[in-house]
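One structure is given here, and the rest of the page talks about it.
The values are calculated or read from the model by the stated rules, or taken from the named source; none is laboratory data. Not measured: the values here are computed from a predicted model. Cβ coordinates were reconstructed from backbone atoms using ideal geometry, including for glycine residues, and neighbour counts include every protein chain displayed. Ligands, DNA and RNA are stripped out before the accessible areas are found, and what is left, the full protein with its side chains, is counted by its heavy atoms. Shrake-Rupley method; radii C 1.70, N 1.55, O 1.52, S 1.80 Å.
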Amino acid sequence: QKEVEQDPGPLSVPEGAIVSLNCTYSNSAFQYFMWYRQYSRKGPELLMYTYSSGNKEDGRFTAQVDKSSKYISLFIRDSQPSDSATYLCAVLGNQFYFGTGTSLTVIP
Amino acid sequence: DSGVTQTPKHLITATGQRVTLRCSPRSGDLSVYWYQQSLDQGLQFLIQYYNGEERAKGNILERFSAQQFPDLHSELNLSSLELGDSALYFCASSPRPGGFSEAFFGQGTRLTVV
């Protein structure tokens, strides 16, 4: 079983839609949960991270961790064409473990 | 521009060869992280250095090695290359050893093994 599993997508939504990106993880000991955004031909950039469980909001982005079900989510409100990218979830244990990424396209 | 510089941007080499990838961290950053991103494995953490010392190790093969020099630049050495080593190799840097939240990635080196 992989440490992090991510819905592969791809996902295509109209501009203004709410986007939900999801991952599950295997080890209940993981405490840090991250979301990275990666544009084509660029390195990943950290969007948000949470420690332990709960929600964290930053503008149009909300990261959510449900430790009881080992589920992490990223919600994007009022999605924009500039949000079109690959989104990777990650967890930090004794090392970093990444999901395989979900490709998102927001259509104007 | 993240301030992290990776060279070369592209590299094509033959199986069995050895290559060296270079990373110059952002000014003031003491920690360097190396990652491999391939189509089948996704993004994988390889290794982290902090101020010249190995700090954390991930899924780094024995054929691969890294080091961080006194001027804080880092090199990732890949030897006995196989077709499956073809991937994007990213470097990231941060000021602190546990500073993943402050880490910025370079643009990567695309390695193609033929």
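Here is how the numbers come out for the structure above:
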item: Assigned charges on the beta-carbon of Lys, Arg, Asp, Glu; the protein assembly as shown dipole about Cα centre (debye); result: 140
item: Projected area, mean over directions - the range B:28-114, Cα convex hull, nm²; result: 5.6
item: Karplus-derived 3J(HN,Hα), 6.51/-1.76/1.60, for each residue of the range A:97-108, Hz, glycine and proline x; result: 10, 10, x, 7, x, 10, 7, 10, 10, 9, 8, x
item: Relative contact order for chain A, counting Cα pairs under 8 Å that sit 6 or more residues apart, in percent; result: 38
item: Cα-centre dipole for chain B with unit charges at Cβ (Lys and Arg positive, Asp and Glu negative), debye to 20; result: 100
item: Long-range HN-HN contacts of B:GLY52 with modeled amide H, under 5 Å; result: none
item: Furthest towards positive pole of dipole, B:LEU78, B:LEU43, A:SER82, structure part the protein assembly as shown, Cβ charges; result: B:LEU78
item: Accessible area (Å², per residue) of chain A, counting only protein heavy atoms and a probe of 1.4 Å; result: 48
item: Bins of 10 Å, starting at 0 and running to the largest distance - Cα pair percent for chain A; result: 16, 51, 28, 5, 0
item: Listed residues A:GLY54, A:THR24, A:PHE98: farthest to the positive end of the dipole of chain A (Cβ charges); result: A:PHE98
item: Per-residue HN-Hα couplings for the range B:108-114 [Karplus 6.51, -1.76, 1.60; θ = phi - 60°; Hz; x = Gly/Pro]; result: x, 10, 8, 9, 10, 9, 10
item: Interchain or long-range residues, amide H under 5 Å from A:MET48's placed H; result: A:TRP35
item: Karplus (6.51, -1.76, 1.60) ³J(HN,Hα), θ = phi - 60°, over the range B:67-83, in Hz, Gly and Pro reported as x; result: 7, 10, 8, x, 7, 6, 6, 10, 10, 10, 9, 10, 10, 6, 4, 10, 4
item: Kirkwood estimate for the protein assembly as shown, i.e. one over the average of 1/r between Cα atoms, Å; result: 17.9
item: Proximal lysines relative to B:LYS57, as straight alpha-carbon distance under 26 Å, when same-chain residues fewer than 8 apart are discounted; result: A:LYS2, A:LYS42, A:LYS67, A:LYS70, B:LYS9
item: Base-10 log of normalised Debye intensity for the range A:62-108 (one unit scatterer per alpha-carbon) at q = 0.16 Å⁻¹; result: -0.56
item: Cut-off under 5 Å, modelled amide H: who pairs with B:ALA66 long-range; result: B:ASN77
item: Residue order for B:LEU43, B:LEU61 - accessible surface, 1.4 angstrom probe, largest first; result: B:LEU61, B:LEU43
item: Area accessible to solvent at B:GLU82, 1.4 Å probe radius, in Å²; result: 90
item: Solvent-accessible area buried by pairing A with B, both sides, nearest 100 square angstrom, 1.4 angstrom probe; result: 1400
item: Accessible surface of A:LYS42 - all protein chains present, 1.4 Å probe, nearest 10 Å²; result: 90
item: Summed side-chain charge close to B:SER38 - residues other than B:SER38 whose Cβ falls under 14 Å, Lys, Arg +1, Asp, Glu -1; result: -2
item: Relative contact order %, chain B, counting alpha carbon pairs below 8 Å whose residues are six or more apart; result: 37
item: Dipole in debye (nearest 20) - the range A:38-83, about Cα centre, beta carbon charges: Lys, Arg +1; Asp, Glu -1; result: 160
